[in-house]
Amino acid sequence: MKTVNHWIGGKTVEGASGNYGPVTDPATGEVTTQVALASADEVDAAVQVAKEAFLTWGQSSLAARTKVLFAYRALLDANRDAIAALITAEHGKVHSDALGEVARGLEIVELACGITTQLKGELSTSVSNRVDVSSIRQPLGVVAGITPFNFPAMVPMWMFPLAVACGNTFILKPSEKDPSAANKLAELASEAGLPAGVLNVVHGDKVAVDALLAHPGIAAVSFVGSTPIARHIHTTASANGKRVQALGGAKNHMLVLPDADLDAAADAAVSAAYGSAGERCMAISAVVAVGAIGDELVERIRERAEKIKIGPGNDPTSEMGPLITAAHRDKVASYVKGAADQGAEVVLDGTGFTVEGNEKGHWIGLSLLDRVKTDSDAYRDEIFGPVLCVLRAETYEEGVALINASPFGNGTAIFTRDGGAARRFQLEIEAGMVGVNVPIPVPVGYHSFGGWKDSLFGDHHIYGNDGIHFYTRGKVVTTRWPDPAEGHIGVDLGFPRNH
């Protein structure tokens, strides 16, 4: 059986704890790999390696860093298919979706390649008599990233390329459910010339996470995952004096107004709800139909959903793959099975779906729930599977109030032909990312990604300018050089004068 070990100091390091976790092929249900689970001592060893590497990397020139990043970008581009194949084998998403994940991660690598302009400081000359003031940004030191199973390549690439471009060294703790992509990313970085110890991958479970949160040698922690864990990460790491950005869960809404193009809205709802089997933090999981269009919109969504082909991710004809684990599949199914008892109309029930020849895979079909109540479990919880809830509202104002009442505020969208309504929506809605006739408004790399309310803990969004600010700290330098022709000034106990 294949074993995934740690990557520390530019090389593979075998696990020393004796603990291993199973990695399953979601399409077959078979355990294909085991992953080493690090102890606190192994985490400490990785931190020490990263601290040593920071002494040199943190002082390296921007030219040296960008040279590595440009080479890394080329290697990632050449290995897109290989990385996507690892994602499909362990996560289950179809190959085209996995390729899209790699492409979105590459956007941040490309942003990091331009770090020379992003790290420019500021200078004010002659703020007083021969006094200049400059502002600069410097790296933090050793930083860590804890990433989820649903995007095992993209989310790590949202973190470490910017972190190392800013001069930090990085420890990545990927999900133990699909760990191989992380090692591939680290191996390619080493091949691109990244010095040993600058990027390290430590696999593990809660033991490794807790060790990272408590370790005094780590200056900052980035996290993407569920809201309860994001809250724990933020509370614990902050209490240990670390800078934290912790992105939590979501219940993303799509408001469909009566004037919307219903075909476009139905296409968008199906794509955004069921893509990647609904295992996206930016998936549309709740559609709010306004006015009399609800029945027609639901019917158009149903027609499209019934045509989606579900199968193994490595089958080019598959449009949706399995869920990551059998336990997660069963949890998702429980929401569908309980929906009718809580007042919903089950338009499509995908809980009995299977694939012939792969019956032990973690399969579930597409489910569509109509007239869902806001106090039902299917609406209140982040299901993280191919389940779309439809709610009804009589007016635009009622729909906005419904969405704003949600404790989550990650992303939301409006479908309308009315520019005035769209403008109101983007200003009135309480969410960090908004789409206008765009169902999944994930920002491009040079803007930042992040939600509001229970979808984000910490002050900084991820990547973009926020990411660069998160991985650096500001310093202001005030300088005075006396004129050689001027005599000795003497003691002055007054407050420094600016005139």
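The values are calculated or read from the model by the stated rules, or taken from the named source; none is laboratory data. Because the structure is a prediction, the values reported are computed rather than measured. Using ideal geometry, Cβ is built from the backbone for each residue, glycine included, and neighbour counts are taken over all protein chains shown. Protein only, heavy atoms only, side chains kept; ligands, DNA and RNA dropped before computing areas. Shrake-Rupley method; radii C 1.70, N 1.55, O 1.52, S 1.80 Å.
Pairs of C-alpha atoms in the range 74-115 farther apart than 17 Å represent 30 percent of all such pairs. Sorted largest first by accessible area at a 1.4 angstrom probe radius, with every protein chain in place, the residues His460, His232, His91 fall in the order His232, His460, His91.
Out of all DSSP beta bridges in the range 287-424, what portion is antiparallel? Express it as a percent rounded to 5. Intermediate results must be reported in sequence, preceding the final value.
Details: 3 of 11 bridges.
Expressed as a percentage, antiparallel bridges in the range 287-424 total about 25.
Summing charges over all other residues whose Cβ lies under 12 Å from the Cβ of Gly385, with Lys and Arg as +1 and Asp and Glu as -1, gives -1.
Scaled to the globular estimate 2.2 N^0.38 Å, the Cα spread of the range 188-326, given as radius of gyration, is 1.47.
Considering only protein heavy atoms, what per residue accessible area in square angstrom results for the range 1-112 with a 1.4 angstrom probe? Intermediate results must be reported in sequence, preceding the final value.
Details: 4860 Å² over 112 residues.
Accessible area per residue: 43 Å².
Order the following by accessible area, largest value first: His95, His447. Probe radius 1.4 Å; ligands, DNA and RNA are ignored. Walk me through the numbers before you get to the answer.
Values: His95 60, His447 110 Å².
Accessible-area ranking of His95, His447, largest first: His447, His95.
Of all aspartates and glutamates in the structure, those lying under 15 Å Cα to Cα from Lys67, and not within fewer than 8 positions of it along the same chain, are Glu110, Glu191. The residues of the range 131-231 expose, per residue, 23 Å² of accessible area to a 1.4 Å probe.
Which value in Å does the Kirkwood hydrodynamic radius of the range 195-264 take, with 1/r averaged over all unlike C-alpha pairs and then inverted? Write out the running numbers ahead of the final one.
Numbers: mean 1/r = 0.0678 Å⁻¹.
Over the range 195-264, the inverse of the mean reciprocal pair distance is 14.7 Å.
How big is the shadow of the Cα convex hull of the range 350-461, averaged over all directions, in nm²?
Working: hull surface 39.5 nm².
Spelled out: convex hull of the Cα atoms, projected over all directions, averaged, 9.9 nm².
Listed by chain and number, the lysines placed with their C-alpha closer than 21 angstrom to that of Lys2 are Lys11, Lys93, Lys173, Lys177, Lys184, Lys360; residues fewer than eight positions away on the same chain are left out.
Compared with the dominant Cα axis of the chain, that is its longest principal axis, helix 95-113 is turned about 20°.
Amide H contacts under 5 Å for Val4: Gln34, Val35, Ala36, restricted to partners 5 or more places along the chain or on a different chain, H placed in the peptide plane at 1.01 Å from N. Surface exposure of the range 303-396, expressed per residue as accessible area with a 1.4 Å probe, stands at 47 Å². Backbone phi angles across the range 387-402, fed through the Karplus curve with coefficients 6.51, -1.76 and 1.60 (θ = phi - 60°), yield HN-Hα couplings of 10, 10, 9, 10, 10, 10, 9, 7, 9, 4, 4, 5, x, 5, 4, 4 Hz in residue order; Gly and Pro are listed as x. Per residue, the convex hull spanned by the Cα atoms of the chain measures out at 173 cubic angstrom. Between the helical axis of 262-274 and the longest alpha-carbon principal axis of the chain there is an angle of about 70 degrees. Only lysines eight or more places from Lys475 in sequence, or on another chain, were considered; those with a Cα closer than 24 Å are Lys51, Lys120, Lys242. Counted over the chain, the DSSP beta bridges are approximately 45% antiparallel.
Other residues with beta-carbon under 14 Å from the beta-carbon of Lys67 carry, at +1 per Lys or Arg and -1 per Asp or Glu, a net charge of +1. Note on the range 411-499: along the principal axes its Cα atoms extend 72, 29, 24 Å, ordered by decreasing extent.
Which loop trypsin sites (Lys or Arg not before Pro) in the range 57-123, with loop taken from DSSP, have no more than 15 other Cβ atoms within 10 angstrom of their Cβ?
Values: sites: Arg65, Lys67, Arg73, Arg80, Lys93, Arg104, Lys120; in loops: Lys93, Lys120.
Counting only loop positions with at most 15 other Cβ atoms within 10 Å, the trypsin sites (Lys or Arg not before Pro) in the range 57-123 are Lys120.
Highest average first, the peptides 376-389, 162-175 ordered by how many other beta carbon atoms sit within 10 Å of their residues are 162-175, 376-389. For Thr325, the shell of other residues with beta-carbons less than 15 Å away shows a net charge of -3, using +1 for Lys and Arg and -1 for Asp and Glu.
If Arg417, Arg304 are ordered by their accessible area, calculated over protein heavy atoms with a 1.4 Å probe, which sequence runs from highest to lowest?
Numbers: Arg417 160, Arg304 55 Å².
Per-residue accessible area, sorted high to low, gives Arg417, Arg304.
From largest to smallest, the equivalent ellipsoid semi-axes obtained for the range 52-96 from the alpha-carbon gyration tensor read 32, 14, 6 Å. What separates the Cα centres of the range 254-302 and the range 338-378 is a distance of 16 Å.
For the chain, the longest principal axis of the Cα atoms and the long axis of helix 40-57 meet at an angle of about 50 degrees. Express in whole angstrom the spacing between the alpha-carbon centres of the range 77-124 and the range 201-247. Cα centres, the range 77-124 to the range 201-247: 23 Å.
Per-atom-type breakdown for the range 235-282 gives carbon and sulfur 49% of the accessible area (1.4 Å probe, protein chains only).
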